[in-house]
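Quick notes on the structure that follows.
Read-outs throughout are calculated quantities, based only on the coordinates presented, and are distinct from any laboratory measurement. Bear in mind that the values here come from a model prediction, so they are computed numbers and not experimental data. In this analysis, Cβ positions are derived from the backbone assuming ideal geometry, glycine residues included, and neighbour counts consider all displayed protein chains.
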Amino acid sequence: MAQSRAHPFMPNSAAAGKAALLGELGLTGTEPLFAQIPAAHRLQALPDLPPAMTSEVELSRHLNALLDRNRPAGDDLSFLGGGIWQHHVPAVVDEIVGRAEFLTPVWGTPSSDFGRNQVWWEFTSQLGALLGLELVGLPVYSWGAAAGHAFRMAARLTGRTRIILPAAISPERLAVIEGYARSADPAMRLELVPAPCDATGRLDLAAVAALADANTAAIYYENPAYLGGLETGAAELAAIAARVGAETIAGVDPISLGVIAPPGELGVDIAVGTIQTLGVHMHAGGGLGGFIATRDEARYAAEYPTLLNSLTTTVDGQLAFGLMLFHQSSYGSRELGKDWTGNSTYLWAVAAATYMALLGPAGFAEIGHLILARTRFAAETLAGVNGVKVAGTGGQFRELLLDFSASGRRVDAINRALLDRHGIFGGIEITLNRALFAFTECHSEADIMALADALREVLS
């Protein structure tokens, strides 16, 4: 019989400690603690695991061997996008976020962390200026988390439960949103209503108008859309929402705001999006940072689940920072807060503040125009490859949907050949014959030509 032993790094795994904890809770087993986790997400039997490694040397060797099997996208030519993009991160951003003053503190007070709170203030101020909105919360885990919180904000503001959103949306982002919609409390569950989109992800305005009704809490659109289209019907969508008393929520990538109108000028009530494109590398397995922003109105401020950084002056005229409306967050009121946010990606707020300060308004315009130019060059170049069709025309930012149906080849086979034979990461598979390719300021015209040549060889 195998010997049972406590996990060396988990003190509560010892049998006596576990029994004591269950006794305090009045339980005889752990099952009630996991009742909310769906059965499909739980192991039905223990996996066939190898014997435990008790040597740090052995464990280190094993983990390094696993890591060596990875092929980082940054080491090759990559056209992956759809949620995590290869944008340039200036060296000074890494220098700032790596400083001990920012990297090591987890929490503190406004008085003990004045520098950190000032950076947070700069983050919210700069992002608010980009968005054309005055009130910006500190970041949550991701774009999907921000959208989920915003949908619940809209439900509380309107007393309604239906959310109209694009049918063409990132599957990962949608999965996160669905988690927020399926509250444990049936009275708080949201109904997600997908609306049809065109080939570049732009919403069908007539379909949205037909779907909007007296139970609609919000109409959500993305600009740029998931499939790359720039939403030309933003003002009309806001008008449709206003007619039925719903909120207008826009999903925005701030990297595009040097060349497209900010949501604050388009009638948007709540803006959400990513901050990964503002100086955060292509990490995986952790939060990349998402934001929530609104007009500076009491009705919106009262529904924020996130921390709000505030600047004031003391009686002697000195600047001071504080956390506004702390009581309504999960930090201040735990499960009684507006929504549960848990720990967040505050270090990426430091990265984004540094990045935005480096670029400035002229820099955002320059990088936006460069991405538009690279996207257009890619569309024209790849349209000339036999077996490739570029879905949609004009008004596309960074993403292009490539249709390989005419070639008779599947996306998975094409991507495998691109990587194995040319060292190129292809696009994200959308259907068996269509893939989403991303083009950023990191891609030169020569890189795009190399992709076109590789596709000619793979599809021949």
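Got the relative contact order for segment 91-353 handy, in percent, Cα pairs under 8 Å and 6 or more residues apart?
This gives 26 percent for segment 91-353.
Rank the residues Val140, Val388 as a footprinting-exposure proxy: fewest other Cβ atoms within 10 Å of their Cβ go first. Numbers along the way, then the final one.
Details: Val140 28, Val388 20.
Ascending number of Cβ neighbours within 10 Å: Val388, Val140.
Work out the P(r) tail for segment 284-409: percent of alpha carbon pairs separated by more than 16 Å, whole number.
It works out to 77 percent of all Cα pairs.
Quick one: if the Förster radius is 25 Å, what FRET efficiency do Ala40 and Leu66 give, using the C-beta to C-beta distance and rounding to 0.05?
On the way: r = 27 Å, r/R0 = 1.06.
Efficiency computed from Cβ-Cβ geometry: 0.40.
With +1 assigned to the C-beta of every Lys and Arg and -1 to the C-beta of every Asp and Glu, and no other charges, what is the dipole magnitude of segment 91-353 about the Cα centre in debye, to the nearest 20?
Dipole size: approximately 520 debye.
Grab the Cα-Cα distance for Ala301 and Ala187, subtract it from 0.36 nm times how many residues apart they are, and report the gain in nm with one decimal.
Working: separation 114, 0.36 × 114 = 41.04 nm, distance 2.30 nm.
Additional length available on full extension: 38.7 nm.
Equivalent-ellipsoid semi-axes (√(5λ), Cα gyration tensor) for segment 277-321, whole Å, largest first?
29, 18, 9
Cα convex hull of segment 398-441: mean projected area in nm², to one decimal?
Its average projected convex-hull area is 3.1 nm².
Say R0 is 56 Å: what FRET efficiency, to the nearest 0.05, do Thr54 and Ala452 get from their beta-carbon distance?
Here the calculated transfer efficiency is 0.60.
Under the classification rounded if a/c is under 1.5, otherwise prolate if a/b is larger than b/c and oblate if not, where does segment 241-352 fall, given a ≥ b ≥ c as square roots of the Cα gyration tensor eigenvalues? Walk me through the numbers before you get to the answer.
Values: a/c = 1.35, a/b = 1.13, b/c = 1.19.
Rounded is the answer for segment 241-352, as its axis ratio a/c remains below 1.5.
At what distance in nm do the modelled label points of Ser405 and Ala362 sit from each other, each positioned 7 Å from its Cα along Cα→Cβ?
4.7 nm
Would you mind listing how long segment 91-353 runs along its three principal axes, going by Cα atoms, in whole Å with the largest first?
For segment 91-353, the Cα spread along each principal axis is 55, 39, 36 Å.
Give the Rg/Rh ratio for the chain, taking Rg as the radius of gyration of the Cα atoms and Rh as the Kirkwood radius, to two decimals. Before the final figure, lay out the partial values.
Working: Rg = 24.2 Å, Rh = 24.4 Å.
Reported Rg/Rh, Kirkwood definition of Rh: 0.99.
Give me the distance in nm between label points sitting 7 Å out from Cα along the Cα-to-Cβ direction at Ala373 and Glu265, one decimal.
2.2 nm
In segment 91-353, what % of DSSP beta bridges are antiparallel (nearest 5)?
45 percent
Given N residues in segment 302-359, what is Rg(Cα) / (2.2 N^0.38 Å)?
Numbers: Rg = 14.2 Å, N = 58, 2.2 N^0.38 = 10.3 Å.
Cα-based Rg divided by the globular estimate yields 1.38.
Using the charge dipole of the chain (Lys, Arg: +1 at Cβ; Asp, Glu: -1 at Cβ; taken about the Cα centre), state which of Gly115, Ala383, Leu319 has its Cα farthest towards the positive end.
So the residue we want is Ala383.
Limiting things to C-alpha atoms, what are the Rg and the maximum Cα-Cα separation (Dmax) for segment 212-303, in angstroms?
14.2, 42
By counting other Cβ atoms within 10 Å of each Cβ, how are His88, His422, His443 ranked from fewest to most?
If I rank by nearby Cβ atoms, fewest first, I get His88, His422, His443.
For Met53, Met282, Met153, Met356, what ranking results if the residue with the fewest other Cβ atoms within 10 Å of its Cβ goes first? List each step's numbers first, then the result.
Details: Met53 13, Met282 16, Met153 26, Met356 23.
Ranking Met53, Met282, Met153, Met356 by Cβ neighbours within 10 Å, fewest first, gives Met53, Met282, Met356, Met153.
Run the numbers on the chain and let me know its relative contact order in percent, using alpha-carbon pairs under 8 Å that are six or more apart. Write down the numbers at each step before the final one.
Details: 822 pairs, mean separation 85.7, N = 460.
Reported as a whole number, the value is 19 percent.
Taking every DSSP beta bridge that has both residues in the chain, what percent is antiparallel when rounded to the nearest 5?
Antiparallel: roughly 55 percent of the beta bridges in the chain.
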